[in-house]
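The values are calculated or read from the model by the stated rules, or taken from the named source; none is laboratory data. Nothing here was measured: the structure is a model prediction, and the numbers come from that model. Using ideal geometry, Cβ is built from the backbone for each residue, glycine included, and neighbour counts are taken over all protein chains shown. All accessible areas refer to the heavy atoms of the entire protein, side chains included, with ligands and DNA or RNA removed. Shrake-Rupley method; radii C 1.70, N 1.55, O 1.52, S 1.80 Å.
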Amino acid sequence: MKKPLKVLCVELLRVLTWAPFALLKVKFLSAEYQSDALTRVARPSRYLGGELGAVCKPDDGIEVRMALAFPDVYEVGMSHLGFPILYHILNSLDWAAAERVYTPWADMEQWLRENAQPLCSLETHRPLADFDIIGFTLQYELSYTNLLSMLQLAGLPLRREQRDESAPLIVVGGPCAYNPEPLADFFDCALVGDGEEAIVELAELVRRGKQEGWTRRQLLEELATREGFYVPELFAVSYQQDGKVAEIKSLKSGYEKVRRRFLADLETAPFPARPIIPFMQTVHNRVAMEIARGCTRGCRFCQAGYIYRPVRERSPEKIRELINTALENSGYEEISLLSLSTGDYTCIEPLLQQLMAEHADDRVAVSLPSLRVGSLTPELMEEIQKVRKTGFTLAPEAGSERLRAVINKGISADDLLETTGNAYRLGWRLIKLYFMLGLPTETDEDLQALIELAAQVKHSGKGTGGNDVNVAVSTFIPKPHTPFQWEAQIGIEDTLRKQRVLRDGLKKKKLRFKYHGAESSFLEGVFARGDRRLSAVLERAVELGCRFDGWHEHFDFARWQQAFADCHFDPAWYLRRRDEDEILPWEHIDCGLPKSFFLRERQQAFAETATPDCRDGDCHACGVCDFKELRMRLTDVVAPVSLPKIQDSVSEEDKAEELTRVRLRLSKRGRARMVGHLEYLKMFQRALRRAKLPIRFSNGFHPTPKVSYLEALPMGVTSEAELIDLELLYPVAVEQIILDLNAHLPEGFAVVAGAVIPWKSPTPSAALLSSLYRVPLPQPIPAALSERMRAFLNAEQVLVTRLKKGRMEQVDLRPNVLDMVIIDDELELNLIKGSPLLVAGTLLEMDIEDVRRLQLRKIGITLKESPAG
C-alpha cells in the first residue's frame, strides 16, 4: 500500500524532531546545569540520585554499562520490584554497572528541551546515549509514549533502522513484552520472561561483542540463539486486505518461535539485601518481598496468572532472612509480602506469626496486598490485624455467580460475605472491592448483581462499629496469552452506559464508586492486542504532545484521535472479536502454554465450567511444566513457631528513671539542599531505625518516634545549623549516637555536634531565638541595595504577597528581621523566623525562584537557652 503524501511528510518530521539532541556531545550533565534544573521543577528529589543504597561505579574496569529505564515518573518506578533485582544483579558483576533513569515530569522535560540538555542517569548523570544498553520495562501499555519521549530526550532516533552502530542497544522487558509488536520498530530486542539469569547473558554478550568487534546485526543474531530473546527484525509480518495478519515469517532458520525465559527456582534467585531508599514518598515505600512467583488459580482474564506459571515459592527461612537484612539496611516501617495471590502461599500463617513476633516491638507492620477470599481463614485475618490494619482489599471481579463461573473466579457470595463479616468484626472499618465491567457474556443483570453484592458486603458489617465500602470498577481488556485473547472489548459508549448504571445503583445503596476512564481503557485495549502498524500512531502521538497517558491530568484523548486520523487508522478495529483460526500479532511469542490450552479454557468459560487449581488437584496439562527442572515448587508446610519477644537490655522500671534527651546539630549540604522538609523528616526517622537507637515512641494506633525539629528550611538552602532533639529510653554516649547516625545518613547530611540536655528543655523551635543566613549577591551588586536595606530596617511594616497552598496571601516581613548587613559580597540576614527567600527577594527585587538559585546558606543559630553550646 502506498503511503499518502501527508504520512510521508509526518515521517520526515519525525527524523527532524530528534536532530537537536543528536548533535549533543555532552559527556556528563554539569553540576551548574543540574543545580539550575533542580530549582526550576516541582519535586526535585525525583532527579537527585545519591539515595542510600544506590551504587555509583567509577569507569575503571567497567566494560558494560546498562541504563535501567522506567517509562514513568520516579515515584512509580521506584515502587516496582523487578528494577532493584536487576540493578542488584548487574552491579554485583565487577565488569558491569547498572544505573537508573525515569521519565521526567513535564516541567523537567521542558527544561531539558529548552536548554538542549540530554536525559541522564541518576547515579553518574551520564547521558543515556553513552550507555551500552538501555533496558525499558513495559508494565503498562499507556507508558509507550513515555518510552519514545525518553529516547528523544536521549538524542536517539526513535526507529531502529535510523540508529547507527554507536547507539545503545535498546531492550524491552516486562509483561507487555509478551506482545511488544506496537513497539517492534523502535527496540532492538525484547527479553520475554524471567530476567534474573537472562540479564547476565545479555550483558555478557554485549561485553563479548565489544571485545570482538561485532556489528549490531551479529550481536542480535547471537541473542536470537538464547532462550527468551525476541529480535523483531528477524521476523517479517505481512497483512491481508482486511487488515488481519497474513503471515509472521521468520528470517532466521530455527527461530520460528521465541520461547519465554524461565527461572526454575525462586529459592536461590538473587534478591537485593540493600534497598535503595528514596528521599521522597513513593507509591510503595516499604520492604517488598516476593514470597512466590506464579499462580495456578486460572482466572481466565488474568494474563499474569498464565505468563508467570508455574508457582515457585521461597522458603519461610529464606524470606525471614531477606526481610531482616532489608529492614536493617532500610529503616522501613512496613513489610509487604508479594505474590499474585499471597494468601495461597503454603506457609502463610506460620510465616506471618514469625514475622509478627520478630517485628511487632519495632512497630513494623506486615501487609498482604493481594488477598483472595478462598485463602483468607479467620486465623490468618487475626494475624494480619495484630500490628496495624493496613487495608483490606478483595477482588470478586464479577457480581453474579454465573459470571464468576465464566471467568473461573471460584468464589461464592457466601464465601465473600463470611470474609468481610470477619474483617469488620476484627476491627477493619473500610473494605475495598474490585470488579470489572464488560466481561464476556456480561448482561445488565450481572451489573445489578454487582450492586447487590456490594450492598450485602456493607450489610455484613452491621453492628460492628464500621462498615464502609469502596467499589472500584475497571473495564475488562482482553490480553494476549489468556483464554479471552479472542474476545471483543466493549467500546467507549457502552463503557460509559455501564458506568452510569453502576454509579446510579451504588449511589442508592450509599456506596462510593470509582472507575477507570472509558477513553484510557479503550486506548489500553488497542495497544494490548495491537500490531506493528501502530508504531506510526505512537510516533504521531508523541509529536502531538502525548505523555503520561496513564495519568488523568495528562491524558488527552483528542490528541490520540488526531494521531489515529493522521495515520489513517480506525482504532476500534483492534477491539473486535478475533477468529479462533486467525493469526494473532503475538503468535510467534511462546509464553509456555499452547494455544490449544487457551482454546480449551475458552470453551470451558462459555460452558460456565470451572477449572480447579492444580496446586491441590490434578494436572490440567497446561503445558508449562516439564516435571523435572521446570515444575511447581512449593515449600514444606511448617508448624507455627512461637518466637520470644525481643526484650531490651534495660528493664521498664530502669528505663523510666533513665529517659534521656539528646540535642543534635546537623549540616545539610550539596544535593541534600533540594530535599524537602517532609522528605527530610522521613529520611532521618529511617536513619534512626537503621542506627538502632532506643527511641521513644508515641502511644496510639500509629506510634511515631519522639523526635523534634526546627521549622522547615526552605528548599534549596544549605545549612550548618539544623537542630534535632531525640527522646531516648536510656542513655547512649553522644559520641556513639553521632557515629552511628552518620554511618546511616545519605550523602549531604551529617551530624556535626550533640549534647545531652535537660528532659524538660523546650523543643528546638521553641528554643530558637534567631537564624543567620548568607545570600550570595548577584554581580554587579544592585546600586540601590544599601538604601533598600536601610528603608526596610526603618519601616514599621514591609508587606509582601506570597503563594501558599494555592492561594495568595499578604505577610509582614518586618517583625521577623533583626538585622541585615553586606559582608564580602554577600547579604547576611538575621531572622527570628520565616523564609530568607522572601526577604532577599524583596531586597533584591527578584523572583523567589531566582533567589533560590543564588544558593543561600544558613550559617548559624542563636538559642534562648543553648544546652548544646
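Looking at region 582-622, which of its residues are surrounded by 14 or more Cβ atoms within 10 Å (Cβ to Cβ) and at positive phi? Across region 582-622, the qualifying residues are G592, E608. Among the criteria (1) over 28 Å from Q485 (Cα atoms); (2) buried (at least 22 other Cβ atoms within 10 Å of the Cβ); (3) of a type in the set (S, T, N, Q), the one Q218 does not fulfil is (2). Which one is farthest from the chain's Cα centre (by Cα) among residues in region 568-598 that are of a type outside the set (D, E, K, R) and farther than 30 Å from L630 by Cα? Among residues in region 568-598 that are of a type outside the set (D, E, K, R) and farther than 30 Å from L630 by Cα, the one farthest from the chain's Cα centre (by Cα) is H568. The residue that is surrounded by the most Cβ atoms within 10 Å (Cβ to Cβ), counting only those in region 285-298 that are in contact with a strand residue (DSSP E or B) (Cβ under 7 Å, 6 or more places away or on another chain) and part of a loop (DSSP other than H, G, I, E, B), is I291.
Would you point out the residue of region 94-105, among those that are over 19 Å from S45 (Cα atoms) and touching a helix residue (DSSP H, G or I) at 6+ places or on another chain (Cβ under 7 Å), that is most open to solvent (accessible area, probe 1.4 Å)?
Only one residue fits best here, namely W95.
If only residues of region 320-352 that are in a helix (DSSP H, G or I), touching an Asp or Glu at 6+ places or on another chain (Cβ under 9 Å) and more than 30 Å from E397 (Cα to Cα) are counted, the one that is least open to solvent (accessible area, probe 1.4 Å) is I323.
Quick check on K479: is it open to solvent by 30 Å² or more (accessible area, probe 1.4 Å) and under 29 Å from the mean Cα position of the chain (by Cα)? Here the answer is yes, as K479 does meet what is asked. Do we find a residue being modelled with pLDDT under 90, buried (at least 21 other Cβ atoms within 10 Å of the Cβ) and not in a loop (DSSP other than H, G, I, E, B) anywhere in region 384-403? Taking every residue of region 384-403 in turn, at least one turns out to be modelled with pLDDT under 90, buried (at least 21 other Cβ atoms within 10 Å of the Cβ) and not in a loop (DSSP other than H, G, I, E, B).
Restricted to region 676-709, and to residues there that are touching a residue at least 24 places away in the same chain (Cβ under 8 Å), farther than 19 Å from N742 by Cβ and part of a loop (DSSP other than H, G, I, E, B), the residue that is least open to solvent (accessible area, probe 1.4 Å) is G676.
Among the listed residues G438, G463, identify the single one that is touching an Asp or Glu at 6+ places or on another chain (Cβ under 8 Å) and small (G, A, S). Break it down stepwise before answering.
Numbers: G463 fails: touching an Asp or Glu at 6+ places or on another chain (Cβ under 8 Å).
Going through G438, G463 in turn, the sole match is G438.
For beta carbons closer than 6 Å, sequence separation of 6+ or different chains, a first residue in region 236-252 that is modelled with pLDDT of 95 or more and a second that is open to solvent by less than 50 Å² (accessible area, probe 1.4 Å) and of a type in the set (F, W, Y), the qualifying pairs are I248/F235; S250/F235.
Just to be sure, is G243 among the small types (G, A, S) and surrounded by fewer than 16 Cβ atoms within 10 Å (Cβ to Cβ)? It is true that G243 is among the small types (G, A, S) and surrounded by fewer than 16 Cβ atoms within 10 Å (Cβ to Cβ). Among the numbered conditions (1) assigned to a loop (DSSP other than H, G, I, E, B); (2) modelled with pLDDT of 95 or more, the only one that S370 does not meet is (2).
The single condition among (1) over 16 Å from D130 (Cα atoms); (2) not in a loop (DSSP other than H, G, I, E, B) that E196 does not meet is (2).
Only a single item in (1) open to solvent by less than 10 Å² (accessible area, probe 1.4 Å); (2) under 19 Å from G228 (Cβ atoms) is not met by T145, and it is number (2).
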